[in-house]
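All remarks here apply to the structure that follows.
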Amino acid sequence: MDFSLSEEHLMIQQAAKDFAETELLPGVIERDEAQEFPAEQVKKMGELGFMGMMVNEKYGGSGMDTLSYVLVMEELSKIDASASVVVSVNNSLVCWGLETYGTEAQKEKYLSRLTTGEAIGAFCLSEPEAGSDATSQKTTALENGDHYILNGTKNWITNGNSAEVYLVIAQTHIDKGHKGINAFIVEKGMDGFEIGPKENKLGIRGSDTHSLIFNDVKVPKENRIGEDGFGFKFAMKTLAGGRIGIAAQALGIAAGAYELAKKYSKERKAFGTEISNHQAIAFKLADMHTKIEAARHLVYKSAWDKDNGNNYDLSGAMAKLYASEVAMETAVEAVQVHGGNGFVKDYHVERLMRDAKITQIYEGTSEIQKIVISRSVLRD
Ligand code: CAA
């Protein structure tokens, strides 16, 4: 068993670290405060190949593996989880879903713009009454000649306003439950498609989260993804990979908070010595380091499963569950290590603590991960 990273993996990891430190760090506090979308930074990430990392080069992607994507997510998230969620949704939910299940025409039309950062994608499953209970879709898309008529509301949509390409899940055959659900490509600007108000969030405030309203939007039939009735499976399969990306985001938040706490503990003095010399602090750092390393193994293993053609529903859910718990716990402890300074914005850890929380909620709450994990282990 070889736990070392290859030369290529080390290079992409370094490139993401350099980008995060030079391009994301400046202004990250201000963007969080002002809820400002990192538009310029996303454009640059497109130029660097971070927006379509796993997509084949023939569609403008970087043709890399999932482990490379995870390494990039981890480095970006150490500094700016608002920027990294844009990368995660675009890569895992939108590009992967389109490349894996789209028609050749859909891939040619949309992927080259999505992989280069020219356009951003959004994944639209959640509804006011269908968050965890994803089969209870109320949005409808009813067949009408050569198109579908889309009606309904989606909630908490990441990249809600900044996106141009939206993958929308809707009920097409009302009496068929989850077997009557389809996924569609909807473009910004289609008649009847309105973007609702922006959510004022606790964390990842630089990313834009909106509700979306569809009033008799005419979606051409060629915009349906996959066979009729494939929409729920499409969402589940796409989310299974998305969970690896969010697990990497959580890992990055944890590692970022830990690195700040370690550095601070070696500089700050109390009772005549650096606080790292007090066991109360040193033991916290030991716990953080150990848990982050355990989370990292789960996250990289789930990426390895995906890259090696293994089922990754279980390993991805375990990685997301554990890494998000470690992110929350580590960020809270990092604030504690910083004492009063941890409670003010300049030291970054309070933001990481607020950002950590969402990793336990989106792309399936911790409770949803436990459903996926327990069903999988009980089946054996
Ligand atoms: N792969 C393929 N098929 C799957 C699957 C998977 N991973 N998981 C479920 N399915 C299939 C099942 O096989 C079943 O199909 P059949 O009837 O043909 O056998 C069908 O889907 C229904 O499955 P279940 O009976 O297991 O459905 P359920 O109602 O019990 O729900 C659930 C399962 C795991 C709880 C699911 O509803 C779920 O994942 N909910 C959470 C949704 C979620 O993650 N939302 C996040 C929104 S997106 C987001 O957050 C993005 C963002 O902005 C960052």
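The values are calculated or read from the model by the stated rules, or taken from the named source; none is laboratory data. Here the structure is a predicted model, which means the values were calculated and not measured. Every residue, glycine as well, gets a Cβ built from its backbone with ideal geometry; the counts of neighbours run over all protein chains shown. Just so you know, the surface numbers come from the protein's heavy atoms only, side chains and all, with ligands and any DNA or RNA stripped out. Shrake-Rupley method; radii C 1.70, N 1.55, O 1.52, S 1.80 Å.
Figures for the structure shown
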quantity: Taking N as its residue count, the alpha carbon Rg of the chain over 2.2 N^0.38 Å; calculated: 0.99
quantity: Segment Trp304-Thr273, length gained on full extension (0.36 nm per residue, minus Cα span); calculated: 6.8 nm
quantity: Isotropically averaged projected area of the stretch 37-162, using the convex hull of Cα atoms (one quarter of hull area), nm²; calculated: 8.7 nm²
quantity: Accessible heavy-atom area order of Leu260, Leu111, highest first, probe of 1.4 Å; calculated: Leu260, Leu111
quantity: Solvent-accessible heavy-atom area per residue, rounded to whole Å², over the stretch 131-277 at 1.4 Å; calculated: 42 Å²
quantity: Simple label model, 7 Å out from Cα along Cβ direction - Glu367 to Thr100, nm; calculated: 2.6 nm
quantity: Probe 1.4 Å, accessible area per residue of the stretch 55-101, Å²; calculated: 21 Å²
quantity: Nonlocal amide H pairs with Gly196, under 5 Å, H built at 1.01 Å; calculated: Ser211, Leu212, Ile213
quantity: Label-point separation, His178 to Asp18 (7 Å along Cα→Cβ), nm; calculated: 4.5 nm
quantity: Helix-only CD estimate at 222 nm, as mean residue ellipticity for the chain, using -39500 (n - 2.57) per DSSP H run (n ≥ 4); calculated: -15500 deg cm²/dmol
quantity: Furthest towards positive pole of dipole, Asn200, Thr330, Ser265, structure part the stretch 196-349, Cβ charges; calculated: Ser265
quantity: Between the stretch 199-257 and the stretch 59-101, the alpha-carbon center distance in angstrom; calculated: 12 Å
quantity: For the stretch 280-380, accessible area per residue (1.4 Å probe, heavy atoms of protein chains only), Å²; calculated: 49 Å²
quantity: Cross-link pairs beyond the 30 Å C-alpha cut-off, checked among Lys154/Lys291; Lys107/Lys154; Lys43/Lys370; Lys44/Lys345; Lys78/Lys284; Lys43/Lys109; calculated: Lys154/Lys291; Lys43/Lys370
quantity: Apportionment of accessible area to carbon and sulfur, the chain, percent (1.4 Å); calculated: 53 percent
quantity: Taking the chain and dividing mean pair separation by its residue count, relative contact order in percent (alpha carbons under 8 Å, at least six apart); calculated: 16 percent
